[in-house]
Amino acid sequence: MIWNKEMECADRETMRALQLEKLKSSVAYEYEHVPYYAAKMDEVGVKPEDIQTLEDISFLPFLTKEDLAVNYPMGLLAAPMKDIVRIQSSSGTTGKPKIMGFTQNDLDIWGEAVARGITMCGIGDNDVVHVSYGYGLFTGGLGAHLGAETVGATVLPMSTGNTARQIMFMQDMKSDLLCCTPSYALTIAEAVAKAGIKPEQLQLRAGLFGAEPWTQSMRDKIEEGLGIKAHDIYGLTEITGPGVATSCEMNDGMHIQEDLFYPEIIDPDTLKPLPDGETGELVFTTLGKTGTPMIRYRTRDICYLKRGKCLCGRTTVRMSRVFGRTDDMLIVKGVNVFPSQFETVIDKFEELTLNYKIIVDRKHNSDTIELMVELAEGLEFDDIDFVENLKDRIERTLRDILQIGCKVRLLNSQTLPRSEGKAVRVEDRRKFE
Ligand code: DLL
C-alpha cells in the first residue's frame, strides 16, 4: 500500500530534478517575502539565482532556533495574515515558544505527508484511527488527525490522558491504529495488562509513535504488549509537525518525504555537509510551504541518512532513528552525557523497566548524577542481596559507558509517574541553585 507512488517511488534523477526546481522557487519566495532571511543572504553575498544545482544549497545561510526567538512571534512569516489559517507552536527546551503560521497550502502538504505515513502502517479508509497525541498548539494531535482524514479513515480524536477511557474506546470502537508518543504507548500497554485484557482482544493492528526518541527494546515491549506493529514517525513544528518521515513495515529507517522537505546532514561544529551514512545534525529546507517556510533549518537532531531502494518499494531517502539532540547533552563533571546512553544501559537489564528518571545536581561544588529506575513487576524488593548486587552491576555498566560515576536508586514498579505525552527524563537541579 503506497499513498503516492509517483513521489515515494521516483527514480533518483526524477526526484533530484523536482527538488532542484522546488528549491529554486522556495529560495526565491523566501528572498522576496522574508526580509530577515533576505538580509542573511545578502550578508553572505548569495542571490536566489546562484542556486543552480542541489549542491548549491550549501551557499545558503542556516536558520536556527535563535533566529526564531529573535523574530518572535511571527517575524519569519512569509504570507499575509489573511492567508494564515492555522497557528501551531512548540515550547522547546529554552526561551520563547516557536510560532508557525500555516496557509491552506501548508495544511495540504502536511496532510499529504502524514497520509503517506499512515498508509505505511497498512491503514486505509476502512479503518479507525485512534489519536492519543495531545490536541492544541502541539502538532501531534491535529497533525495525526489531518493525516487520518486525508486517508479517509474514521478518526477518534481522543487526545491524551484518562487511560482507562482510552482503552474502553479502543475496545468498543475497534481502533485499528494507535497514534501517540512511545512512552504513552508503554503506559497504555501496561494498563491493558493490568486490566487483564489480552492483546488479541484488541483490534489494534499498528501504532504510529513519535515526538520523542525511543529504542528498539521499547518498540519490542509496545509491540508485544499491544499485539501490534509499531512504526516510528518523526517531525518538528518548525518544518510542519509529524509526518516529515515515517518508518514502513521493513523497519529500516524512516522514509523522508523528500519532495516536500529536503534533508541534509551537517557536522554541527564545522557546519559542513556530511556524506550519507555519517552521523550528524539533521537540517531541513521546506519545498513549497508558504506560511512560515524554512531554509536550511538546523533541527539539532542527531541521525544519519541512508539512500537506496527499500524492500517496501519506496525510493525516498531514509533517516536513522534519532540518537539524541545536540542540546540534550548534559555536561556532568566536564563529561558529555546523553540521556539515550542511560536507556542503552537499562535495556541490558531485564530486571528493570523502561521507566526512569535522571537527576543531576551539584553538591559541595561537585556535580552528581543519579539514575532512578523501576524494578520489573513481580521482583522482590526486600531481597537485599539481590537488590544490592543488581545496583552494583548497573553502576559498573554505567561507569563503563558514561566514563563517570553515577548513583543508581532502584524503585518499586509503578513508583514513577507515567507519561501521557513527551516523557521528561532529566531533572537538572543545578539550574535552580
Ligand atoms: O514532536 C512533532 C511530532 C508529533 C512528531 C507527533 C511525531 C509525532 P515538536 O514538539 O516541535 O514536534 O518536537 C520536535 O521532537 O526535533 C525531535 O527532537 C523530537 N522528535 C520528534 N519525532 C521524533 C522521533 C513534534 N520519531 C522534536 N524520534 C524533534 C525521536 C523525535 N525524536
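The values are calculated or read from the model by the stated rules, or taken from the named source; none is laboratory data. This is a predicted model, so every value here is computed, not measured. Note: ideal-geometry Cβ built from the backbone for every residue, glycine included; neighbour counts use all protein chains shown. The protein model used for the area step is the full one, side chains on, heavy atoms only, and it has no ligands, DNA or RNA in it. Shrake-Rupley method; radii C 1.70, N 1.55, O 1.52, S 1.80 Å.
Can you tell which of Lys98, Lys82 is of a type outside the set (A, V, I, L, M, F, W, C), within 15 Å of the ligand (Cβ to nearest atom) and assigned by TED's automatic domain parsing to the domain that holds Ala28?
Within the list Lys98, Lys82, the selection yields Lys98.
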*Do you know which of the residues in the range 84-108 that are in a helix (DSSP H, G or I) and in contact with a Ser or Thr (Cβ under 7 Å, 6 or more places away or on another chain) is surrounded by the most Cβ atoms within 10 Å (Cβ to Cβ)?*
Asp106
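State the number of residues belonging to the range 295-312 that are open to solvent by less than 40 Å² (accessible area, probe 1.4 Å) and within 12 Å of the ligand (Cβ to nearest atom). I'd like the intermediate steps shown before the answer.
Pass one, the range 295-312, residues open to solvent by less than 40 Å² (accessible area, probe 1.4 Å): 295-297, 299, 301-303, 305, 308, 310, 312.
Those still in the list that are within 12 Å of the ligand (Cβ to nearest atom) too: 297, 299, 301-303.
So the answer is 5.
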*Considering the range 313-361 alone, what residues qualify as being over 30 Å from Leu379 (Cα atoms), away from the ligand (no atom under 16 Å from the Cβ), open to solvent by 50 Å² or more (accessible area, probe 1.4 Å) and in contact with a helix residue (DSSP H, G or I) (Cβ under 9 Å, 6 or more places away or on another chain)?*
none
*Hits in the range 379-433 (condition: assigned to a helix (DSSP H, G or I), under 22 Å from Val337 (Cα atoms) and open to solvent by less than 90 Å² (accessible area, probe 1.4 Å))*: Lys391, Asp392, Arg393, Ile394, Glu395, Thr397, Leu398, Ile401, Leu402, Arg430
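If I ask for residues that are aromatic (Phe, Trp, Tyr) and either in contact (Cβ under 8 Å) with a residue 40 or more places away in the chain or over 22 Å from Arg116 (Cα atoms) (or both), which ones from the range 163-216 would you list?
Within the range 163-216, Phe169, Tyr184, Trp214 meet the criteria.
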_strands (runs of 3 or more DSSP E) within the range 244-286 that include 1 or more residues under 15 Å from Pro61 (Cα atoms)_ = 261-266, 280-286
*Do we have any residue at all in the range 34-44 that's surrounded by 17 or more Cβ atoms within 10 Å (Cβ to Cβ), of a type in the set (Ser, Thr, Tyr) and over 23 Å from the mean Cα position of the chain (by Cα)?*
yes
*What about Ala69, is it of a type in the set (A, V, I, L, M) and without any contact (Cβ under 8 Å) to a residue 60 or more places away in the chain?*
yes
